[in-house]
Amino acid sequence: MNRRSLLVRTLAAGTAAGVAACGMPGQPGGPPAGARDQAVTLRYMTWYGADRLPTTQAWIAAFNAEWPKVTVEIEELALADVPTKFQAQLAGGTPPDVILADSHAQTKWFDSGAHSDMSPYLTRDRIRLDRDYALVGIEQWCGRVYFVPFFADSNAIFYNRTMLQQAGVRDPWADGKGDWTIDDLYGAARAVTRDLDGDGQLDQWGLSAPFGVSEAGPFTWTRGGDIADFGKMQYTVDSPLSMEGHKQLYDWLLRDRIIPSAADTQRVTQAHPGLNLFSAGKVAFHMRAVNDVELFQRTVKDAFEWDCLLFPRIGGRAGVNLAAGTGHSIVKDSKLQEQAWQLVRTISTDRGQEIMGTMLGLPAQKAKQEVWLKARQQAGTSPAHPKVWLDVFTRPYAVHFRHHTTREVQSLYATQLNAVRTGQAALEPTLREANRQMNLALKYGECQPYKGLTHPIQPGK
């Protein structure tokens, strides 16, 4: 763990002008009199390090342009270390003021009373999460707001246009609409899956797909089912539609071999250091998240032409994509509640979201998502349709089913289904046993946290 103290007193004239002109919410009520005059140190725990640290520094610079007497001390650590370290600091009475939340673990502290309800600040500063943001799913937890988002991690499909053209497969964007079906995906994936050198070993595949419980969800959500009941707080991966969705995914892996095995993936990545199956040009379709747009613009360059698509239709149902994201929480015991809120507010509103879209990824604030879109279009390479990643939030989309033991349950699911992926176990009985174990391990507080949530999320409703 590295600790850094950052005190930014001045900004370049252009940055300062941008902050002054952005019209950020909060002026009508505003902070209490004299709050800006307090010279204090604000502790900020974050797992945004390495190449993401410059974005954090830019946020703090923007914050200090309005709050110049606040020193922001960054406590940087790995995401895997956040739960243990944060709990130890809480127990020892030395927690940070603001934490970049671990969305798969933070809910246990929502329920234990460790975090401040930010609803009064949102109301005072006229910020509407439900209307103006791409929601992660845990912003409203038991009727309170402990989590304010800043990053919208939409998931969709990348595809290799050059590979489809070489195989004589029709491009899904040929009609200018990108309207396609699960049968189109299957047919194209079969057409490109080939042994290119005749050695009896496949060298090119149709689809690279993650096998996590949420990542497998589109095959179920698009059929009208779900992998969890958010109202009853239980998993339903053994439901008929989930079984059907999982069967399709696993048939493509084991029967049709259009999805590379773990051994295939390892063989390709070892032969192409620093690249994955898609950037190495070895797979036609790749299910993944929005930040890979920037990754592939850097790594693929002009090796082949590629583009993006939403998950395909199944029957008469439009594809349902997964969306995740990241946000901040304020520690309830902090003696600097106003300053902590102002840092969160800076990151999640206009100027901070412009910084996010320009430097790192897709902003959660919908009004600033065009900033990211423009940055990607100015990169001068593929894709032709980056707006796909914004469109995820204009139609029904799904979120992770989060609770106090999200990661533990995901690990159980992975362990059980790994036996299916390696051909050592049958799918249906394994899913039933996985569902049983997952629900036994699931833990949450005394309230129904998702009360009133319709899942998949229906934007505008």
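A search for C-beta distances below 9 Å between a residue of the stretch 326-342 that is under 30 Å from Asn155 (Cα atoms) and hydroxyl-bearing (Ser, Thr, Tyr) and any residue that is at pLDDT below 95 and surrounded by 23 or more Cβ atoms within 10 Å (Cβ to Cβ), counting only pairs 6+ apart in sequence or on different chains, returns Thr326/Val136. If you check Ala262, Ala280 for being surrounded by fewer than 17 Cβ atoms within 10 Å (Cβ to Cβ), hydrophobic (A, V, I, L, M, F, W, C), touching a residue at least 12 places away in the same chain (Cβ under 8 Å) and more than 20 Å from Asp153 (Cβ to Cβ), only one passes: Ala262. For the list (1) in contact with a Pro (Cβ under 7 Å, 6 or more places away or on another chain); (2) surrounded by fewer than 13 Cβ atoms within 10 Å (Cβ to Cβ), I need the number of the one condition that Thr454 fails. Only one criterion is unmet by Thr454, namely (1).
Would you check which residues across the stretch 221-260 are small (Gly, Ala, Ser), outside any loop (DSSP other than H, G, I, E, B), touching a helix residue (DSSP H, G or I) at 6+ places or on another chain (Cβ under 6 Å) and more than 24 Å from Arg190 (Cβ to Cβ) and list them?
Of the stretch 221-260, the ones small (Gly, Ala, Ser) are 224-225, 228, 231, 239, 242, 245.
After this cut, where a residue has to be outside any loop (DSSP other than H, G, I, E, B) as well, the list is 228, 242, 245.
With the extra rule that they be touching a helix residue (DSSP H, G or I) at 6+ places or on another chain (Cβ under 6 Å), the set shrinks to 242, 245.
Selection gives Ser242 alone.
Every test in (1) surrounded by fewer than 24 Cβ atoms within 10 Å (Cβ to Cβ); (2) within 25 Å of Leu202 (Cα to Cα); (3) of a type outside the set (Lys, Arg); (4) in contact (Cβ under 8 Å) with a residue 60 or more places away in the chain is passed by Asn291 save one, and that test is (2). Among the numbered conditions (1) out of contact with any His (no Cβ under 6 Å at 6 or more places or on another chain); (2) more than 27 Å from Lys177 (Cα to Cα), the only one that Leu309 does not meet is (2).
Scanning the stretch 227-258 for residues that are surrounded by 19 or more Cβ atoms within 10 Å (Cβ to Cβ), of a type in the set (A, V, I, L, M) and without any contact (Cβ under 8 Å) to a residue 60 or more places away in the chain turns up just one, Leu249. Scan the stretch 75-130 for residues that are more than 17 Å from Trp141 (Cβ to Cβ) and of a type in the set (Lys, Arg) and jot them down. Within the stretch 75-130, Lys85, Arg124, Arg126, Arg128 meet the criteria.
All of Ala398, Ala384 fail the test of being closer than 30 Å to Leu249 by Cβ and surrounded by fewer than 18 Cβ atoms within 10 Å (Cβ to Cβ), apart from Ala384. Can you spot a residue in the stretch 175-193 that is crowded, with 19+ Cβ neighbours inside 10 Å, of a type in the set (S, T, N, Q) and part of a loop (DSSP other than H, G, I, E, B)? Yes, the conditions are met somewhere in the stretch 175-193. Cβ separations smaller than 6 Å between residues 6+ apart or across chains give the following pairs from the stretch 437-460 residues that are closer than 18 Å to Ala324 by Cβ to residues that are of a type in the set (Gly, Ala, Ser): Pro456/Ala398. Go through the residues of the stretch 72-92 one by one and say whether even a single one is part of a helix (DSSP H, G or I), touching a strand residue (DSSP E or B) at 6+ places or on another chain (Cβ under 8 Å), within 19 Å of Ile347 (Cβ to Cβ) and β-branched (Val, Ile, Thr). Yes - at least one qualifying residue is present in the stretch 72-92. Of all the residues in the stretch 131-150, those that are part of a strand (DSSP E or B) and crowded, with 24+ Cβ neighbours inside 10 Å number 4.
The values are calculated or read from the model by the stated rules, or taken from the named source; none is laboratory data. Fair warning: this is a prediction, and the values are worked out from it, not measured in the lab. Quick reminder, even Gly has a Cβ in these numbers, built from the backbone with ideal geometry, and neighbours come from all protein chains shown.
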